[in-house]
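*Asks:* Right, I'll just put the structure down here and ask away after.
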Amino acid sequence: MKTVITYGTFDILHVGHVNLLRRARALGDRLVVGLSTDEFNRGKHKSSLLNYENRKAVLESIRYVDEVFPERDWDQKAGDIMRYGADVFVMGADWSGRFDALSQYCEVVYLPRTAEISTTEIKMSLDSSS
Ligand code: C2G
């Protein structure tokens, strides 16, 4: 059983997130996702429109996702990797290099981002149309 692990806010789920999740899942037999809590988002200076429970329910409905757990701080990844026995850690390329230290625990893979879409852009177009 090859386990893949990734993290994110996944607010207002869109094709960029789905492309990441699909490619991450394809690297193993199961995908577990650390979902940023609302509190952790505040620490990331990101406010999500949808709260944790809402984002979690949406993420759990995605066929590529096997389990969702809370991401509460920057330092929990090594413990999560060991707890889940993760073989591969995946993030979008906007994080390239930032998590290389995790290569002592598992393979670290950065995947190209999906161009032309982001939750920020969606929020901005919502604001401008209101
Ligand atoms: N993503 C992507 N293409 C996009 C938008 C997002 O590939 N157009 C990827 C990001 O690179 C990330 C994942 O989708 O790997 C989730 O993106 P966010 O919800 O924005 O997560 P982020 O704020 O980057 O949080 O500890 C790590 C952080 O929790 C990551």
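Taken together, the values in this text are just the output of simple stated rules run on the coordinates, not laboratory data. These numbers come from a predicted model, not from an experiment. We place every Cβ from the backbone using ideal geometry, glycine too, and count neighbours over all the protein chains shown.
*Asks:* Add +1 for every Lys or Arg and -1 for every Asp or Glu among the other residues with Cβ under 15 Å from the Cβ of Gly8, and state the total.
*Replies:* Local net charge: +3.
*Asks:* Next question, about the same structure. Given a 10 angstrom Cα cut-off, can you work out which residue in Gly85, Gly34, Gly97 is the most mobile in a GNM of the chain?
*Replies:* Gly97
*Asks:* Report the local net charge at Lys46: Lys and Arg +1, Asp and Glu -1, summed over other residues whose C-beta lies under 15 Å from its C-beta.
*Replies:* -2
*Asks:* Across the chain, how many lysine pairs, 8 or more apart or on two chains, come within less than 24 Å at their alpha-carbon atoms?
*Replies:* Close lysine pairs under the 24 Å cut-off: 10.
*Asks:* Next question, about the same structure. If we count every other residue with Cβ under 11 angstrom of Val33's Cβ, Lys/Arg +1 and Asp/Glu -1, where does the sum land?
*Replies:* Working: positive: Arg25, Arg30, Arg55, Lys56; negative: Glu60, Asp66, Glu67, Glu71, Asp80.
It works out to a net charge of -1.
*Asks:* Give me log10 I(q)/I(0) at q = 0.19 Å⁻¹ for the chain, Debye formula, one equal scatterer per alpha-carbon, no solvent.
*Replies:* -1.12
*Asks:* So if R0 is 22 Å, what FRET efficiency would Glu67 and Ser130 give, r being the distance between their Cβ atoms, rounded to the nearest 0.05? It would help to have the intermediate numbers written out before the result.
*Replies:* Details: r = 36 Å, r/R0 = 1.63.
E(calc), rounded to 0.05, equals 0.05.
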